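Undergrad: Here's a structure for you.
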Amino acid sequence: MDSSLVDQQQQQQQQQQQQPKPDHLAQDRIDLMEKKIERRPTREELEDHNVLKKTNVAPALQAKEQELERSRLEDRLEHMLERRPTREELEDHNVLKKTNVAPALQAKELELERSLLEDKLEHMLERRPTADKLLEQHILTPGDC
């Protein structure tokens, strides 16, 4: 048993010798911190990357400033929503189409309306009287043709 106790003590001594001395450890930390401070971004760089807010207000008042800005934004948005035209006004100004069809089908409805209008126009053009017929009915004169 005594030999195991001696072995443990020898191992502890070896570990202590391998560890850096506290002065070296403290100096390493100081050096590391100095390097990090040198690489630390400036206030302007942090503001440019939106890490810090660009403000001229005292830090104690910054939260109130943000709250006030949010309140202003909410008020402006509410005012704009109140002034927003109604659906009927937009339909009257031909911004929106007057329709009772689901939005997914509105494009097809418009396409169908256009197709019906083209068919109607084509039918009317087919029934249009010829220039000879209009001359016979004395609607046109020979110089008009």
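Undergrad: Given the DSSP H assignment, sum -39500 (n - 2.57) over each helix run of at least 4 residues in the chain and divide by its residue total; what's the result at 222 nm in deg cm²/dmol, nearest 500?
TA: Values: 7 runs with 97 residues, N = 145.
Helix-only estimate at 222 nm: -21500 deg cm²/dmol.
Undergrad: Enter the angle in degrees (range 0 to 90, nearest 10) between the Cα long axis of helix 62-83 and the first principal axis of the Cα atoms of the chain, meaning the one along which they spread out most.
TA: 10
Undergrad: Next question. Per residue of segment 45-51, what does 6.51 cos²θ - 1.76 cosθ + 1.60 with θ = phi - 60° give for ³J(HN,Hα)? Whole Hz please, x for Gly and Pro, Karplus curve as stated.
TA: Values, residue by residue: 5, 5, 5, 5, 8, 6, 7 Hz.
Undergrad: Can you compute log10 of I(q)/I(0) for the chain with the Debye formula, treating each Cα as one identical point scatterer, at q = 0.18, 0.20 Å⁻¹?
TA: The calculated log intensity ratios at q = 0.18, 0.20 Å⁻¹ are -1.15, -1.24.
Undergrad: In addition: What's the magnitude of the charge dipole for the chain around its Cα centre, counting Lys and Arg as +1 and Asp and Glu as -1 at the beta-carbon? Answer in Debye, nearest 20.
TA: The calculated dipole for the chain is roughly 320 debye.
Undergrad: Sticking with this one: Mind grabbing the accessible area of E111 for me, 1.4 Å probe, Å², rounded to tens?
TA: Probe radius 1.4 Å; accessible area of E111 about 110 Å².
Undergrad: Can you tell me which lysines have their Cα less than 28 Å from the Cα of K98? Leave out same-chain residues fewer than eight positions away.
TA: Answer for K98, where 28 Å is the Cα cut-off: K108, K120, listed by chain and number.
Undergrad: How about K53: which lysines have a C-alpha closer than 29 Å to its C-alpha, ignoring those fewer than 8 places off in the same chain?
TA: K35, K36, K64
The values are calculated or read from the model by the stated rules, or taken from the named source; none is laboratory data. Quick caveat, the model's predicted, so the values are computed rather than measured. Quick reminder, even Gly has a Cβ in these numbers, built from the backbone with ideal geometry, and neighbours come from all protein chains shown. Surface accessibility is based on the protein's heavy atoms, side chains included, excluding ligands, DNA and RNA. Shrake-Rupley method; radii C 1.70, N 1.55, O 1.52, S 1.80 Å.
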